[in-house]
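Enquirer: Can you read through this structure? Questions will come right after.
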Amino acid sequence: MAYALVSKTSDRKVVWVQVPPPAPTLTHMKRIGLHVSIAGNICESLDRAKSLGCNTMQIFSRNPRGWQATKLAESDVAEFRRLKSNYNIKPVVVHIPYIINLATPDDVLYKKSINAYIEDVKRADLLGAEYFVTHLGSHVGSGEAGGIERFSKALNEIIRSARPETTILLENTAGSGSSIGYRFEHLKRIIESQGRPSNIGVCLDTAHTFESGYDIKTKKGLEATLKEFDRLVGLYLIKVVHFNDSLSPAGSHVDRHQHIGKGNIGSEALGRIINHPGLKNAAFIMETPKESDKDDKKNMAAAKRMCRIK
């Protein structure tokens, strides 16, 4: 409890009273944002994020479902960086396109994925993005060990070739199909294969963590899960949390996101996560269902309420 000076009495005594601390603000308490569209012009994504009350955001830097990427104009890059600074939106996170698969046993797709990844991470650097979130791909029947090895070799080649300034974040998965990355041990093996460099971190997705079988719904389960992550990987490597509720049951390995507090994780558990001291330095970015901006505003409001942010 803080104290405030009320007045000085006639006999020159100072009167102090207890006052509650001010409500935390988004500026100094948390970095909370959304995945926003780049429709129209990539610079407009920052305007959208600002209008929704974000101070961090995630984007695709191009069409995530196609191989061809339009070159970023110098004027757009300059304007993007200017708005990013003016709006104090930081970190900016760029997400890898869906089509890239660095764990595939198909040599043609593997090489194509590596080349596309190099191009995309360079785009993130041009935009001044702090982080580049990477899903780990699918082994397509070749086995988890083989998929992890392929991914690790590809990542090594990418870093050696692109020399990115942005930090690459490995995102954990729900474990659907033949995807890798649904166990913390997978992240550990990949990071250690690179020699634990300073430009590789983790994006922890709450829905994926829950869907892959880790207990983050109960207080005891959350503590055990984060302790396990810290032992294997290191909590300090979590730079971004994809803050999503789950439409799917725990351990289902089915990746389906839900609005904040409306899914199977729930408000109470998500509140513990966003306020956990072990995650205090991470940016929280939502990838929740969206039919209109109203959905984004409701999810932003829900996340802020959990942190008592106005």
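The values are calculated or read from the model by the stated rules, or taken from the named source; none is laboratory data. Just so we're clear, the structure is a prediction, and the values are computed from it rather than from any experiment. Every residue, glycine as well, gets a Cβ built from its backbone with ideal geometry; the counts of neighbours run over all protein chains shown.
Enquirer: Any residue in segment 169-190 that's small (G, A, S): show its pairings with residues that are assigned to a helix (DSSP H, G or I) and buried (at least 21 other Cβ atoms within 10 Å of the Cβ) at Cβ separation under 6 Å, as long as the two are six or more apart or on different chains.
Expert: Once the first residue is small (G, A, S) and sits in segment 169-190, its partners that are assigned to a helix (DSSP H, G or I) and buried (at least 21 other Cβ atoms within 10 Å of the Cβ) give A174/H208; A174/E211.
Enquirer: Something else: So, in segment 212-238, exactly how many residues are more than 17 Å from the chain's Cα centre (by Cα), hydroxyl-bearing (S, T, Y) and part of a helix (DSSP H, G or I)?
Expert: Of the residues in that region, 1 qualify.
Enquirer: What residue, among those in segment 214-247 that are in contact with an Asp or Glu (Cβ under 6 Å, 6 or more places away or on another chain) and surrounded by 22 or more Cβ atoms within 10 Å (Cβ to Cβ), is farthest from G33 (Cα to Cα)?
Expert: Only one residue tops the list, namely S246.
Enquirer: Does any residue of segment 266-282 turn out to be surrounded by fewer than 21 Cβ atoms within 10 Å (Cβ to Cβ), outside any loop (DSSP other than H, G, I, E, B), under 18 Å from the mean Cα position of the chain (by Cα) and among the hydroxyl-bearing types (S, T, Y)?
Expert: Scanning segment 266-282 turns up no residue that is surrounded by fewer than 21 Cβ atoms within 10 Å (Cβ to Cβ), outside any loop (DSSP other than H, G, I, E, B), under 18 Å from the mean Cα position of the chain (by Cα) and among the hydroxyl-bearing types (S, T, Y).
Enquirer: Here is a further query. Residue check, A124 against (1) more than 20 Å from D47 (Cα to Cα); (2) in contact with a strand residue (DSSP E or B) (Cβ under 7 Å, 6 or more places away or on another chain), all met but one. Which one?
Expert: (1)
Enquirer: Tell me the residue from I158, I216, I148, I190 that is touching a strand residue (DSSP E or B) at 6+ places or on another chain (Cβ under 7 Å) and not acidic (D, E), please. It would help to see each step written out before you state the result.
Expert: On the way: I158 fails: touching a strand residue (DSSP E or B) at 6+ places or on another chain (Cβ under 7 Å); I216 fails: touching a strand residue (DSSP E or B) at 6+ places or on another chain (Cβ under 7 Å); I148 fails: touching a strand residue (DSSP E or B) at 6+ places or on another chain (Cβ under 7 Å).
Being touching a strand residue (DSSP E or B) at 6+ places or on another chain (Cβ under 7 Å) and not acidic (D, E) holds for just one of I158, I216, I148, I190, which is I190.
Enquirer: Quick check on E291: is it acidic (D, E), surrounded by fewer than 17 Cβ atoms within 10 Å (Cβ to Cβ) and not in a loop (DSSP other than H, G, I, E, B)?
Expert: On the way: acidic (D, E): yes; surrounded by fewer than 17 Cβ atoms within 10 Å (Cβ to Cβ): yes; not in a loop (DSSP other than H, G, I, E, B): no.
No, not satisfied.
Enquirer: Taking interchain pairs and intrachain pairs at least six residues apart, which have beta carbon atoms under 7 angstrom, with the first residue in segment 299-310 and assigned to a loop (DSSP other than H, G, I, E, B) and the second at pLDDT below 95 and aliphatic (A, V, I, L, M)?
Expert: C307/M29; R308/A23; I309/L26; I309/M29; K310/A23
Enquirer: Return the total of residues in segment 150-184 being assigned to a strand (DSSP E or B) and over 16 Å from A116 (Cβ atoms).
Expert: Within segment 150-184, the first condition is being assigned to a strand (DSSP E or B), and the residues that meet it are 167-171, 179.
The next check asks that each one be over 16 Å from A116 (Cβ atoms); those that pass are 167, 169-171, 179.
Residues that pass the stated criteria total 5.
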